[in-house]
1. What residue, of B:367, B:448, is closer than 30 Å to residue A:89 by Cβ and at pLDDT below 95?
2. Considering each of A:167, A:157 in turn, give the residue that is within 19 Å of the chain's Cα centre (by Cα), part of a strand (DSSP E or B) and facing chain B (nearest Cβ under 8 Å).
3. For residue A:60, which of the numbered conditions (1) in a helix (DSSP H, G or I); (2) hydrophobic (A, V, I, L, M, F, W, C); (3) crowded, with 22+ Cβ neighbours inside 10 Å fails to hold?
4. Name every residue in segment A:44-61 that is within 8 Å of another protein chain (Cβ to nearest Cβ) and of a type in the set (A, V, I, L, M, F, W, C), in order of residue number.
5. If a residue counts only when it is farther than 19 Å from residue B:319 by Cβ, in contact (Cβ under 8 Å) with a residue 40 or more places away in the chain and hydroxyl-bearing (Ser, Thr, Tyr), which helices (runs of 4 or more DSSP H) contained entirely in segment B:159-270 have at least 1 such residues?
6. Within segment A:74-109, restricting attention to residues that are under 15 Å from the mean Cα position of the chain (by Cα) and in a strand (DSSP E or B), which residue is farthest from residue A:135 (Cα to Cα)?
7. If you go through segment B:697-704 one residue at a time, do you hit one that is among the hydrophobic types (A, V, I, L, M, F, W, C) and modelled with pLDDT under 85?
8. Examine segment B:251-262 for a residue that is among the aliphatic types (A, V, I, L, M), modelled with pLDDT of 90 or more and crowded, with 20+ Cβ neighbours inside 10 Å, and state whether such a residue exists.
Amino acid sequence: MEGYQFSLTGATMVALPSGALWWAAQNLLCVSDLHLGKSERMARRGGAMLPPYETTDTILRLEADLRATGATTVVCLGDSFDDLEAERGLPENEKLWLTRLQAGRSWIWVEGNHDPGPVEIAGSHLAELPLPPVVFRHEAKTGVSGEISGHYHPKARLNLRGSSYVRPAFLIDIDRVIMPAYGTYTGGLHAHTAPLCDLMRPDAIAVITGSKALAIPMPRDK
Amino acid sequence: MEISSKFDHWLTSRNWTLHPHQRELLSYAARPAQLLIAPTGAGKTLSGFLPTLLELEDGTHTGLHTLYVSPLKALAADIKRNLQTPIDEMDLPIRVEDRTGDTSNTQKKRQRAEPPHILLTTPESLALLISYPDAPKIFSGLKRIVIDEIHALAESKRGDQLMLALSRLQSLCPDLRRVGLSATVDDPDAIAKTMAAHPDPCPILFADPGPAPDIQMLIGETPPPWAGAGAAYSVPMVLEQIEKHKTTLIFHNTRAQAEIFFHALWLENEARLPIAIHHGSLDREQRQKVETAMTQGALRAVVCTGSLDLGIDWGDVDLVIQIGAPKNIKRLVQRIGRANHQYNAPSKAMIVPANRFEIIECQAALDAVLAGELDGETLPVGQLDVLCQHILLLSCAGPIDPIALFNEVRRAGAYSGLSRAEFDDCLDFCATGGYALRRYEQWHRLKDMGDGTYTLRDPRTASRIRMNAGTIQDTDTLKVRMQRRRGGAPLGEVEEAFAATLTPGDTFLIGGQVVRFEGLRELVVEVSKRANKEPKIAVFGGTKFATSTQLSERILHKFETGDFRGLPDYTTDWLELQKTMSVLPQRQTLLIETFPRHDRHHLCVFGFAGRNAQQTLGLLLTKRMEEEGLAPLGFVSTDYATLIWGLDPVRDPATLLDHQKLEGGFENWLAGNAVMKRSFRAVATIAGLIERNLPGQRKSGRQATFSSDILYDTLLKYDPDHLLMRIAQIEAMRGLVDFGRIRNMLDRVEGKIVHKALPHLSPFSAPLFLEAGRIPVKGQAIERLVANEAAQLMAEAGLKIDA
């Protein structure tokens, strides 16, 4: 697979330009923070009426990644739905589409803070997924090794002679990976801000997503 | 209406007499709409308030009588002071209050319960007032509206918002009378049509324009440089003029230029003359300090930008200096009017050309001022994003009846041509989002009540809608503060995008001092004074104005007729040399020069279409050259020409300029362009699709908010004909892209292209090689650039790439 290849506690993985993580040995594709149903939730709460196309767009991209990798296991690393009501409120055609993608694959919904309970759509529902030598969970814990998490929506910036280029990014060090958000309607937290700087080791790298996956030293304030 | 004896006595006691236009305007007080055009210093404001003061003199009116709207908060405060003097001295039973973004909440609440007789406000505060359910009560009894500096409002979305609000007020108070006060403008009829309740007539009263200004170009022994816009070379001349005059205003076209010039002035200000700086990016306290010092006569000069264009009374200014070509004749005239605030005495002004070409432009502008000719853009019709915001604000006040509202909106001049379909699109957007895909039916923002009216589904939405009101676009800015002086006054603000490019140790100019960037702390840019390096330019705000069509025409006319009067010898020599080596550009033809230089081939198009359009032309032509395999490498644009360089010579420029091919590529190009995204962001914010960044909201959960570019990309992919996409495109075409002027230029020359294939560069193309702002042609280049940068960073950090 075209992407940035690295090793986490002995497991070889590839950070894909799309923001998904590919683990060839397990035939496993991991995506984080899909936030499906975000526009519906905003509208329901009396917020802005956003264009209702983000679920379609997110699933389309996921479908492309599944086709390209031929993954047989899919891990959705939490905050897959913008809230549990958004999951129940997904239109029939989108539910069916997800069901079609699930056919012949083992599908794991890891809990996130936005979707902390069981979901109605098929697939296993877990608080976290240990798959030695790594563990998949939504939010990073300190002092652990071999952890793959999401939650923070990290993004990183490259300065190009006066203009800057900001993209969602993987943060990677020898202990952990923090994945970028995969959902279409997601913002990001700069890699150089406090929670991320504190979690990652000083020699961590950021892998910028986009048309190519590019590694840079993780941006920090100091 | 006649002046009362009490008033007459007061005027006599002050030794004042009314100007003829003030007396005349009083006699028209009963008209439903009236426009007064008068130069600065002609007592416009008193003219506007005379009928009000007289009508309120007997103390019988209860509640609000007159609403005064001005574009500046500061102006409202200024007027309040000026009105209080006659009210106190004549002991009139009149209460005057202002209501702006700076008014306290308690004060605002009280105003709604007990409105004053005269309320001074801004379009934004008025839009909020009509969004309250008790609006009919607040405005009951309202008789007059005075719109000050209406010329400044009429051309913008703020004007649209104001006129829509006035339509609502007219429905609440049918016998409301409107008076507009305007500086000299090119098209008074257009303003009159905008301000009246359609189809009421709006007669125009012209005050005596006063004597012609005393205006000249300031050029000395040293010629200006060949390129650039800063005019640093003129600092000694300008200092000399400041010494000779009491108070000088020095206008610049951009904030960054004002900062740089101010810095340069102080480096040479050996006499320590008190000189200050004033522009919109400076902190409010700092600005107020300068304003106070100015009114006290404590300053000899103020370096400023458009923030001082509008009429606060500044006392004893006896000289105005414009640095750089004014780009626009109307703005020049209005700035000149800031000198000698006495009606009947000529204003004194000087223009400093920033480079060789600007000498010609300045001379053309001088000719225009003396000929009394002005320029202006045609007023756009009412903007639909503003209408969306208006509908939402009204829905906060109570149920909306679409038929009644449609009719009310069409009574605003700018919206008199609004079609029912356009109105319905806006209403649908407000109610459901207006998407081709119908989704979440049960969560619509406005609910159809079944009797034809619409109402807010969730009343709590009202406060969000109000918080999002207004049409002024603040780009995201960050405060700048001295390090270790938290709680100390901030120095000012810089754009977030500019702050993002800073690395610790970088230096930039703000408030006239060079500061060193130390770091970003909780969204505050922390700086120190440890700066001895040359400043990196401060790129905050500051639009680059394009030379107006009329001014460009005047320049071309000079070339055609060979009228070189007023120009210094070194300029006429330069023009003669161009004539010999190539040819001078003309109005009916388009001059294109091609020539080799070093190992590159160059092409120079003298379109005289203004900076923005020339920039767009550069993008479109290089795109066409890529299609033709001519390997363009980059281009640079000024107000009059675009220079393109590449690997191959262009043998037949005419094919590149093919009308159809240019237009064909245009729409696709525009859709992916940053300018479109910027327009979309502005439109979506005004229309209420995205919420402004509110204070306090920014710190928490940054990852929960996402950029408007994502919404734009999504709509482009799934719903490209959405209302907001259509509005954004119209705006981008008119604004920074300025495609209209390219089209006009191509129409004007009708394919008559004069191609000069030269052995080397020409006198006219030479300065373009010195211009800043060269734009590389990207294509695949950006990806290579990003990859190289990434690889270099990894190598520097000693990290291995194992992909």
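The values are calculated or read from the model by the stated rules, or taken from the named source; none is laboratory data. Owing to the predicted nature of the structure, the values given are computational and were not obtained by experimental measurement. Here the Cβ positions follow ideal geometry from the backbone for every residue, glycine too, while neighbour counts run over all protein chains shown.
1. Just one listed residue meets the conditions, B:448.
2. A:157
3. (3)
4. Correct list: A:48, A:49, A:50.
5. B:188-195
6. Filtering segment A:74-109 for residues that are under 15 Å from the mean Cα position of the chain (by Cα) and in a strand (DSSP E or B), the one farthest from residue A:135 (Cα to Cα) comes out as A:81.
7. The answer is yes; a qualifying residue exists.
8. No, the conditions are met nowhere in segment B:251-262.
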